[in-house]
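Once you've had a glance at the structure underneath, I'll fire off some questions.
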Amino acid sequence: MALKERTITDKVEIVSEFKHIQVRQAVEIYDTISNEVKAHSYHRAVAVCGDDAAAAALGVADIAAVVWTDEVKAAYAASLSVVAQ
């Protein structure tokens, strides 16, 4: 039995009115012979509206390009200015 680790993006969700992109990755330890998963854990990360670098790093830049319209970006920026006041 030889064990290896792999990371799989297993869930991508669009959340909130500002279309933040939540990504869940599963980290699996598996047997290379039988391909049986011996252990796993999850990690989540979020790319907030307009954060193109985070979207690219998470592998969801194509999704961001579709859901982060100019209207959504403007609404998100406006919501941030309200909070800052």
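The values are calculated or read from the model by the stated rules, or taken from the named source; none is laboratory data. Since we're looking at a predicted model, the values are computed, not measured. Heads up, the Cβs are rebuilt from the backbone with ideal geometry, glycines too, and the neighbour counts pull from every protein chain shown. Only protein heavy atoms, including side chains, enter the accessible area calculation; ligands, DNA and RNA are left aside. Shrake-Rupley method; radii C 1.70, N 1.55, O 1.52, S 1.80 Å.
Under a crude label model (7 Å from the Cα following the beta-carbon direction), how far is Ala56 from Glu13 in nanometres?
2.7
I've got another one for you. Given Cα pairs under 8 Å that are at least 6 residues apart, what percent is the relative contact order of the chain?
Normalised by residue count, the contact order of the chain is 24 percent.
Rounding to the nearest 10 and keeping the result within 0 to 90°, find how far the Cα-based axis of helix 70-84 lies from the longest principal axis of the chain.
Rounded to the nearest ten degrees, it is 80.
Given a Förster distance of 35 angstrom, what is the FRET efficiency for Leu80 paired with Arg24, based on the Cβ-Cβ distance and rounded to 0.05?
0.85
Right, next: Share of the chain's accessible area from carbon and sulfur, percent, 1.4 Å?
Whole-percent figure for carbon plus sulfur exposure: 54.
Could you tell me which label, among [x] 15, 24, 13, 10, 17, 13, 7, 0; [y] 19, 53, 26, 3; [z] 17, 36, 23, 15, 7, 2, carries the value of P(r) over Cα pairs in 10 Å bins from 0, in percent calculated for this structure?
[z]
Less than 18 Å apart at the alpha-carbon level, and either on another chain or at least 8 residues along: which aspartates and glutamates does that give for Lys19?
Cα-Cα hits under 18 Å: Asp51, Asp52, Asp62, Asp70, Glu71.
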